[in-house]
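First the structure, in the form of structure tokens, and then the observations on it.
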Amino acid sequence: MTSSKKSMGDEKSLWGVDLGGTKIEGVILKSAANPEVLFRHRLPTEADQGYAHILDQVKKLIDKMQAEAGYLPAHIGFGTPGTLDPKRGVMKNCNTVVMNGQPMKVDLEKMLGVRVEMANDADCFALAEARYGVVKDQFPDARVVFGVILGTGVGGGIVVDGKAIIGLQGIAGEWGHNFLDESGGPCYCGKTGCVEKVISGPALEKYYFNETGNKKPLKDIVALAESKVDPTAQKTMLRLVEFYGKALSVIVNILDPDVIVIGGGVGNIDLLYDRGLDALRKYIFNTSLDTPIVRPLLGDSAGVIGAAFLVS
Ligand SMILES: [Zn+2]
């Protein structure tokens, strides 16, 4: 079996783990220069069984990867919900709440006997799209990339020259909890009117429900708006477009990235790529909008691929 083990890469290969709330996925990429996926495996996180159990699941995954590859690398990248507080060394802002307050980096390093690099899942998304996805494909000269997750939650990641920018407090790129509009109401983060409370999928569904008394999933609201049969659905979409422009203008004014990649379920809505750009153009501190705003290429795999890039 030696030959098949050799095909799982060597010291140049990159190992990444996406530690999600429902599944833990691992991947081995051939190399930074040629990031072909050599191996992929996933396990349920079973977060309801607690933090120690999550660590056990990670161990099981890495053991499996080691058995397949025939070696263990010196360095593994992990994408996580929330983020590691760089000063305090503990996890924070995780919606998988059992991770919060835990010294996860140290625990993983002790348990696995390797060095661990960690970043938020939105950082990993941005990194993957920058180095392997749509940016590498269509904008190979881009140096500053902003990756947006616009779905159930709203997050973001900044990549400069192929590296994720984590920030002093580990919150670089977290535009989802910038203030946007009072109408968003209280947020789980303790503040009011966050971007996430105005333009996330659940926020749009809530707005439609408050206006009509009808509970509908976002995809139905989008379809109703597109077929122009429901004025409230159209109003919900126009409100999204307007606030999307306002929210994203802050990013463009501060970072002025070479390209913005929009991921997540809400990010799929076609309107964001025509009228959304008009709204953004209206709110930025410039007379024109040159920033390319594009859809991602990698789909669900972006998180785990980005995690692997954390080590190179
Ligand atoms: Zn918030």
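Quick notes
- Figure legend: label point modelled 7 angstrom from the Cα of T22 along Cα→Cβ; residues of the range 44-67 with amide N under 14 Å from it are 44-48.
- When shorter helices are ignored and each DSSP H run of at least 4 residues is given -39500 (n - 2.57), the per-residue value for the chain at 222 nm works out to -11000 deg cm²/dmol.
- Reach of K136 by Cα under 23 Å, taken over lysines that are not fewer than 8 positions away in the same chain: K12, K30, K163
- Relative frequency of Cα-Cα separations exceeding 31 Å in the chain, percent: 33 percent
- A simple count of charges around P103, restricted to other residues whose Cβ falls under 11 Å of its Cβ and scoring Lys, Arg +1 and Asp, Glu -1, yields 0.
- Cα-centred dipole magnitude for the range 57-203, charges only on beta-carbon of K, R (+1) and D, E (-1), debye, nearest 20: 460 debye
- Within a straight-line Cα-Cα reach of under 15 Å, K235 can be paired with the following aspartates and glutamates, leaving aside sequence neighbours fewer than 8 residues apart in one chain: E205, E211, D220, E226.
- Sites N214 and D141 - FRET efficiency at Förster radius 35 Å, r taken between beta-carbons, to 0.05: 0.15
- Between H41 and V250, the distance separating the two model label sites (each 7 Å from Cα on the Cα→Cβ line) works out to 4.2 nm.
- Length gained when the stretch V160-D290 is fully extended (0.36 nm per residue, less Cα-Cα span): 44.9 nm
- Between the range 110-150 and the range 165-198, the alpha-carbon center distance in angstrom: 21 Å
- Scanning the chain for GluC sites (Glu not before Pro) in DSSP loops with at most 15 neighbouring Cβ atoms within 10 Å leaves 47-312 as the longest stretch between them.
- A Förster radius of 22 Å combined with the Cβ-Cβ distance from Q234 to E182 puts the calculated FRET efficiency at roughly 0.45.
- The simple spin-label model puts a point 7 Å past each Cα toward its Cβ; for E226 and R115 those points are separated by 4.7 nm.
- For the options V17, V135, V222, a Gaussian network treatment of the chain with springs between C-alpha atoms closer than 10 Å singles out V222 as fluctuating the most.
Quick note: the coordinates plus some simple rules give every number you see, no bench work behind them. Bear in mind the structure is a predicted one, so any value in this text is a computation, not a measurement. Note that we place each Cβ from the backbone using ideal geometry, even for glycine, and neighbour counts take in every protein chain shown.
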